[in-house]
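The values are calculated or read from the model by the stated rules, or taken from the named source; none is laboratory data. Note that the coordinates shown come from a computational prediction; the quantities given were computed from them, not determined experimentally. Quick reminder, even Gly has a Cβ in these numbers, built from the backbone with ideal geometry, and neighbours come from all protein chains shown.
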Number of protein chains: 2
Amino acid sequence: MKGYLKILFFICCWGTGKAQQSPGQTTQKPNIILFLVDDMGWMDTSQPFGDSAMALNHKFHTPNMERMAKEGILFHQAYANSVCTPTRTSLISGMSAARTHITNWTAITPNEATDFKDDQLTAPKWNINGLSNIAEQNTYLCKKPLPQLLKEAGYFTIHVGKAHWGSLGSGGSDPMNLGFVVNIAGSSLGHPQSYYGEQNFGNMPGKTTFNAVPDLQRFYGKDTFLTEALTQKAIAAMNFPVENKKPFFLYLAHYAVHMPIQPDKRFINKYLAAGLDPTEAAYATLIEGMDKSLGDIMHYLKEKKIEKNTVVIFMSDNGGLANAGRGGARNTQNLPLRAGKGSPYEGGIRVPVMVRWPGVVQPGTRTNSYVSAEDFFPSVLEMAGIRLNTPVDGISYIPVLKNPAMVKNDRPLLFHYPNRWTSNEDEGYAWSSGMRYGKWKLVYLMKQQKLELYDIEKDLGEQHDLSKSDPQQLKELARLMTAELKRKGAQMPVWKSSGIPVAWPDALVK
Amino acid sequence: MKGYLKILFFICCWGTGKAQQSPGQTTQKPNIILFLVDDMGWMDTSQPFGDSAMALNHKFHTPNMERMAKEGILFHQAYANSVCTPTRTSLISGMSAARTHITNWTAITPNEATDFKDDQLTAPKWNINGLSNIAEQNTYLCKKPLPQLLKEAGYFTIHVGKAHWGSLGSGGSDPMNLGFVVNIAGSSLGHPQSYYGEQNFGNMPGKTTFNAVPDLQRFYGKDTFLTEALTQKAIAAMNFPVENKKPFFLYLAHYAVHMPIQPDKRFINKYLAAGLDPTEAAYATLIEGMDKSLGDIMHYLKEKKIEKNTVVIFMSDNGGLANAGRGGARNTQNLPLRAGKGSPYEGGIRVPVMVRWPGVVQPGTRTNSYVSAEDFFPSVLEMAGIRLNTPVDGISYIPVLKNPAMVKNDRPLLFHYPNRWTSNEDEGYAWSSGMRYGKWKLVYLMKQQKLELYDIEKDLGEQHDLSKSDPQQLKELARLMTAELKRKGAQMPVWKSSGIPVAWPDALVK
């Protein structure tokens, strides 16, 4: 259990850190594409991430994900935070959300906590404006986020799509401020006003909100779906580094498949014909449009003959929506996983992750190694041959890419959410911490003052709480979670009645 | 008079043209900055463009323009079209507006002719959606505009500010579509909704119009003036090519000093103290803010030690506003020049132009050579060592930069405006053609069926019409203008009563 202690973590201190070339790095740095999907669940694909295809896999058509799985490595135990901004800020900072104090999604406009009102608990003073590299902000977290380090190492860094690292007016609201050379359509918005070119993606005077997607004027009034427009722009943006033989980092973060769940008419008929209700049919078209984008990107790489020197990383930022707004009964959309986005149960945090890296990754492999959002930061830097002097919370998964059988899973993965998302409080949708450790999963429901224990290897659906039957294991994990939270400087919500913070989880097992 | 015939023009045919490296080109290509101001008049500066400082020069404070004049070459006879889109499309296509048929400013939304209603005349079918490189558009004019050619030659091409090459949905509405690697704040809008960061540059849900400036989220809610925000973004965008030792082309097209004439509070007090009325004081702050931007850019070049290998070109896109909306009496804002933006008189088309190019341009020089908007295309290409196989209307002014005394002025410069701008029809603000040829100026007022002749050398203010006293010269120039119009495939407006196009100018002197 103490294996994880060998790994040293320190407080984030990029100000003094320097990016360096790894001495062993060849001059031919690989291009790196981080293909990030929004709100895509672990089951929202025809490519099984479970041991075999299950019911929901048959609902979707994602041939390009299937192809990617055949050509790369699949992580079936990959994790993110349960809502988007914490995952996105962890991705480019390498830090746990428990440490960044960006634990909830950030509002478009500044200084607005997004926590849903609660009678008993108040959220801690988390960084409600998100990530910033600007000293004047109250969220002065990192001088050198991932794109900045890559840019300094000679990468041409491209941002396309949803940013959502911080509120308007913050440094994080502008991807170019975080080291991206090119920014297309990224701002502080968390979802598009409209996916439709016919609706100018929301840019309609009189109706325009802050969720109108910028930078896609070329497609206004046309029947180009947002996912397609972003793909075309991403491909156009890659041309410069490709033609100039510069290594590039493309962060292609689709707005899909986040609400509003609007049908992409290119794909809708077959899903309606398959008997899906209109919402779920529309949702499936968002998935298939995203999959087509993945295929188009891979086609481009082949066409430009850079396929072999380009790493493609596929990821979603949190679990699939299951709380409200989807077709069918609540909390069924990620089955067999429990609950969905916003919850510490697997449906909220387990996400599809694949990596395609010709020459490094053995095609068609699958690993039991778990990974978490903050691991992408050191992993991408290692791909680029950049060594950091200052440690971060994440750990590079490059050794796993090279040897998928090398599974440690001996460090705790923490999913700390001292916030309340929506009106619903069931299934952990508010005030929770989750932790994976080995085969175990600990869930701390703060408001209920309850700990739950699951054996994920045997009980993927988290149906059998072992907290009563295995009190010793519960105690050990509660202490571990407490230590992890404290070491990362995690914040806890406060009881309104007393003004006292919620107890650390180990208080429940003393 | 026939000297100009030696210059061969052909129909635009970039499709078959290829950009090539000039054999004599060194590997060290210069960086090129085109600093374009919107609606800035020839007199809107403390740097005299006339033979000596005149009254209006004392109204403005532009120390950085003064510095640039000391360090570079000043063209006091530089011309643009009388409204913005025609100049901007000529700049990046090398083609006369008479040939592109983009003769008026383009609306934000597509398929809207912007011509003011007229009882007697109808505008021809000009390219109301502006420039496009998209075959599906009705404005398929050029496959390779200036930024595209520069990009293909290895330049890192940056667009910052006002684009206004075409309407929403057109290829021209997206600078990245025209060969810019980076686009910041450029779209189809012709002026900003607001210059104020406090007003999010217009991005205020419920109030947002199509004139809201995109891409500046970082400055929302802050007291950053638009000109300053664009400058900071431009400097940030230059960092990548500078750090990677790539030559760059920065097209920094300020929204200033176009309407709305909003005061920049950093500079307002001294202009009010000087007794200017509030509108003119605000206008002067737009000018000074623009001048500060020029200074900041030059400071950046020095700081990065690239000053000596960077060409800076200063230009305005048309004459200063004098028709309506300014302080003081109409048509006095560009004195001693006559009229202003929208007019074929000098106030509408004569613009401040300077070029700073250390090692090539003798500091503090001044040339009598005239230049026109379409000349910038071949000039910039020559700076970059790119040779075109296909000719354009413009002629490179590089020989003049090297030898300011080399003045030919033996080709006609045409300013064709078969359109109507506003409700005012005086002073040529509708349905006109202008032509400079040598010392002469011919003005064709179509609706009035009148030709006017001026000797610009003796009569800068166009107060003495010589059409009656020199009928022979009038006839020669009317024929020359007719030949020029026909050779470029110019369109003429149509009489509503008869359906017949307006007569060519030579019909008036037969």
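Below is a table of values for the structure above.
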item: So A:Phe116, is it over 18 Å from the mean Cα position of the chain (by Cα), at pLDDT 90 or above, buried (at least 24 other Cβ atoms within 10 Å of the Cβ) and among the aromatic types (Phe, Trp, Tyr); result: no
item: Evaluation of A:Met204 against (1) more than 30 Å from A:Ile128 (Cα to Cα); (2) more than 7 Å from every other protein chain (Cβ to nearest Cβ) (one fails), failing number; result: (1)
item: Total residues in region A:380-398, condition on the phi < 0 side of the Ramachandran plot and in contact with a strand residue (DSSP E or B) (Cβ under 8 Å, 6 or more places away or on another chain); result: 9
item: Filter pass, B:Asp465 being in contact with a Leu (Cβ under 8 Å, 6 or more places away or on another chain), assigned to a loop (DSSP other than H, G, I, E, B), surrounded by fewer than 17 Cβ atoms within 10 Å (Cβ to Cβ) and of a type in the set (Asp, Glu); result: yes
item: Hits in region B:240-284 - residues which are out of contact with any Phe, Trp or Tyr (no Cβ under 6 Å at 6 or more places or on another chain), outside any helix (DSSP H, G or I) and within 14 Å of chain A (Cβ to nearest Cβ); result: B:Asn244, B:Lys245, B:Leu250
item: Where B:Val213 falls short, out of the listed (1) more than 9 Å from chain A (Cβ to nearest Cβ); (2) surrounded by fewer than 22 Cβ atoms within 10 Å (Cβ to Cβ); (3) in a loop (DSSP other than H, G, I, E, B); (4) under 27 Å from the mean Cα position of the chain (by Cα); result: (2)
item: So B:Gln148, is it surrounded by fewer than 24 Cβ atoms within 10 Å (Cβ to Cβ), modelled with pLDDT of 95 or more and more than 9 Å from chain A (Cβ to nearest Cβ); result: no
item: Hey, A:Val502 within 27 Å of A:Lys117 (Cβ to Cβ) and within 22 Å of the chain's Cα centre (by Cα) or not; result: no
item: Filtered residues of region B:468-510 (kept if assigned to a loop (DSSP other than H, G, I, E, B) and either charged (D, E, K, R) or over 28 Å from B:His101 (Cα atoms) (or both)); result: B:Lys468, B:Ser469, B:Asp470, B:Lys488, B:Lys496, B:Lys510
item: Any chance A:Phe201 is touching a strand residue (DSSP E or B) at 6+ places or on another chain (Cβ under 8 Å), buried (at least 24 other Cβ atoms within 10 Å of the Cβ) and either part of a helix (DSSP H, G or I) or modelled with pLDDT of 95 or more (or both); result: no
item: Any hit, region A:432-439, residues being among the aliphatic types (A, V, I, L, M) and touching a helix residue (DSSP H, G or I) at 6+ places or on another chain (Cβ under 9 Å); result: yes
item: Matching option when the condition is buried (at least 20 other Cβ atoms within 10 Å of the Cβ), in contact with a helix residue (DSSP H, G or I) (Cβ under 9 Å, 6 or more places away or on another chain) and more than 22 Å from B:Ser343 (Cα to Cα), among B:Ser132, B:Ser90; result: B:Ser132
item: Selection count, region B:151-188, where residues are more than 8 Å from chain A (Cβ to nearest Cβ) and surrounded by fewer than 24 Cβ atoms within 10 Å (Cβ to Cβ); result: 2
item: Any hit, region A:243-262, residues being within 17 Å of A:Ala107 (Cα to Cα), without any contact (Cβ under 8 Å) to a residue 24 or more places away in the chain and crowded, with 24+ Cβ neighbours inside 10 Å; result: no
item: Segments classed as helices (runs of 4 or more DSSP H), wholly inside region B:32-137, with at least 3 members that are of a type in the set (Asp, Glu) and in contact with a Leu (Cβ under 6 Å, 6 or more places away or on another chain); result: none
item: Single residue of A:Ser432, A:Ser423 found to be among the hydroxyl-bearing types (Ser, Thr, Tyr) and in a loop (DSSP other than H, G, I, E, B); result: A:Ser423
item: Qualifying positions in region A:49-80 - without any contact (Cβ under 8 Å) to a residue 40 or more places away in the chain and over 19 Å from A:Ala322 (Cβ atoms); result: A:Asp51, A:Ser52, A:Ala53, A:Glu66
item: Conditions (1) within 30 Å of B:Val242 (Cβ to Cβ); (2) hydroxyl-bearing (Ser, Thr, Tyr); (3) in contact with a strand residue (DSSP E or B) (Cβ under 7 Å, 6 or more places away or on another chain): number failed by B:Ser93; result: (3)
item: Failed criterion for A:Leu301 (all others in (1) more than 12 Å from chain B (Cβ to nearest Cβ); (2) under 22 Å from the mean Cα position of the chain (by Cα) hold); result: (2)
item: Residue satisfying condition, being of a type in the set (S, T, N, Q), surrounded by 24 or more Cβ atoms within 10 Å (Cβ to Cβ), more than 25 Å from B:Thr157 (Cα to Cα) and more than 7 Å from chain B (Cβ to nearest Cβ), within set A:Thr231, A:Thr227; result: A:Thr227
item: Residues of region B:264-320 that turn out to be surrounded by fewer than 18 Cβ atoms within 10 Å (Cβ to Cβ) and within 30 Å of B:Ser90 (Cα to Cα), as a count; result: 6
item: Test: residue in region A:41-52 that is aliphatic (A, V, I, L, M), buried (at least 24 other Cβ atoms within 10 Å of the Cβ) and at pLDDT 95 or above; result: yes
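For every residue, the table says whether it meets (1) under 30 Å from B:Thr114 (Cβ atoms); (2) surrounded by fewer than 24 Cβ atoms within 10 Å (Cβ to Cβ); (3) out of contact with any helix residue (DSSP H, G or I) (no Cβ under 9 Å at 6 or more places or on another chain).
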site	(1), (2), (3)
B:Phe377	yes, no, no
B:Arg387	no, yes, no
B:Asp393	yes, no, no
B:Pro404	no, yes, yes
B:Val407	no, yes, no
B:Asp410	no, yes, no
B:Phe415	yes, no, no
B:Asn419	yes, no, yes
B:Ser423	yes, yes, yes
